[in-house]
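J.: Next up is a structure, given as structure tokens.
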Amino acid sequence: MSSTSRKKVLLMGKSGSGKTSMRSVIFSNYTARDTRRLGATIDVEQSAVRFLGGLVLNLWDCGGQNAFVDNYLSSQKDTIFSNVAVLIYVFDITSTEWEGDLRYFEDILFALRENSPDAGVWVLINKMDLVDKEDPKRRKYDERKSDLLAVDERVRKDLEEEGKIEGIGGVLRCFPTSIWDESLYKAWSSIIHTLIPNIGLITSHLTYLRDICLSVEAVLFEAETFLVIAKSGSPLGCDPSDLDQVEVTNGARELDQQRFEKISEIIKGFKKTCQRNHEQYHGFEAKFDDCTVVLEPLTRNTYILLVSVDPRAETGALLYNVHQASPHMAEFATKHSLSQKCGLCRGNKEMKYDVKGDDDDSLPAWDGAKP
Ligand SMILES: Nc1nc2c(ncn2[C@@H]2O[C@H](COP(=O)(O)OP(=O)(O)O)[C@@H](O)[C@H]2O)c(=O)[nH]1
Ligand SMILES: [Mg+2]
């Protein structure tokens, strides 16, 4: 039985929209400035990225020139669009050919839904930095988003009418992005969050650790990319893609909704600076008047951020607990954690690692578990 969950991720969109730049900033430690040197992608560039919990992302960066796209939709259709877990489609907000861009998107969405009806679709409307000053309310983005949702609706209807598929499970979500700020991390964290096997159980363990550390927030970052994998804490115990809404509903307006993605961006930049100076980044700890914060490696693949407002919480105690929890949390990252007793779980619940990568609803998160 394989312990690795492989997910095929298509990265598509017109040439120049920023696909390779995003991939390079997130996965290859490029700065936004470095991406200016990138050449055009020819045909499909495949790369594999190993992630937490035996998750391997097979990224297909599909060159966006018209001739390539025509091929994807004809001779390469089956190869490209079958067994897709996620389509990430990137638009350039400054494009002057929106109607044409939409038509291409519609063709691609149609081919994807036909071949992989349950694939999630993430539309990233990129280069927002170039328009944000003239359009601070993001009207243009909202218009683009409603056009895209209309296309999604049309494709669903057409396919259903043609009787080609029985139902489409995958949903379409839009994000405004720029490689120059944390919005890129926000979008990619949300995408990755939906792909990590057993994310509910990971979040449950994070909540447990948060509670024993007298903390109000706990956040798990992937060590290489510094993408946010899981969060726990009021009002954060939710899918990151719903976070804005949950924070607003819970009246937590004063919290910066991008705070963790800002940390991702800052730490990643700082790590690069350390590398340049032949230093190694280890972690961060600070005690302020009203809170204590630590950012510390938790496992080989993850860092944990803990924020405590309890005056009793000392950084040393937080770090001690993190180090004590480390071997246990590491079990998630190994293939050997397929089925074993979990000492931390309430009632010593059996821990099941889902090798197929589907969320296992039969295992309630601690948050949701009845006392
Ligand atoms: N201003 C701005 N430029 C971007 C952004 N993303 C990518 N670019 C630039 O757009 C150009 C094309 O990017 P590239 O990643 O090669 O596009 P691809 O053809 O979709 O892979 C490069 O010069 C990038 O520096 C962004 O968010 N903002
Ligand atoms: Mg490219």
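J.: How would you rank Thr35, Thr96, Thr79, going from fewest to most other Cβ atoms within 10 Å of each one's own Cβ? Can you show the working numbers first?
T.: Numbers: Thr35 17, Thr96 7, Thr79 12.
Sorted ascending by nearby Cβ count, the order is Thr96, Thr79, Thr35.
J.: Under 5 Å between amide hydrogens, which residues at least 5 positions from Cys174 or on another chain qualify, with H placed 1.01 Å from N in the peptide plane?
T.: Amide H to amide H, under 5 Å and 5 or more residues apart or across chains, Cys174 pairs with Val123.
J.: Sticking with this one: So for Glu114, Glu265, Glu285, fewest C-beta neighbours within 10 Å to most, what's the order?
T.: Ascending number of Cβ neighbours within 10 Å: Glu285, Glu114, Glu265.
J.: Given a cut-off of 20 Å, what percent of all Cα-Cα pairs of the range 5-180 lie beyond it?
T.: 53
J.: Right, next: Apply the Karplus curve 6.51 cos²θ - 1.76 cosθ + 1.60, θ = phi - 60°, to the phi angles in the range 100-112 and return the couplings in whole Hz, x for Gly and Pro.
T.: Running phi through 6.51 cos²θ - 1.76 cosθ + 1.60 with θ = phi - 60° gives x, 4, 5, 4, 4, 4, 4, 4, 5, 4, 4, 4, 5 Hz.
J.: Just the number, please: percent antiparallel of the DSSP beta bridges in the range 5-180, rounded to the nearest 5.
T.: 25
Each value in this text was obtained by applying a stated rule to the coordinates, not by laboratory testing. Everything quoted here is computed from the prediction, not taken from an experiment. Every residue, glycine as well, gets a Cβ built from its backbone with ideal geometry; the counts of neighbours run over all protein chains shown.
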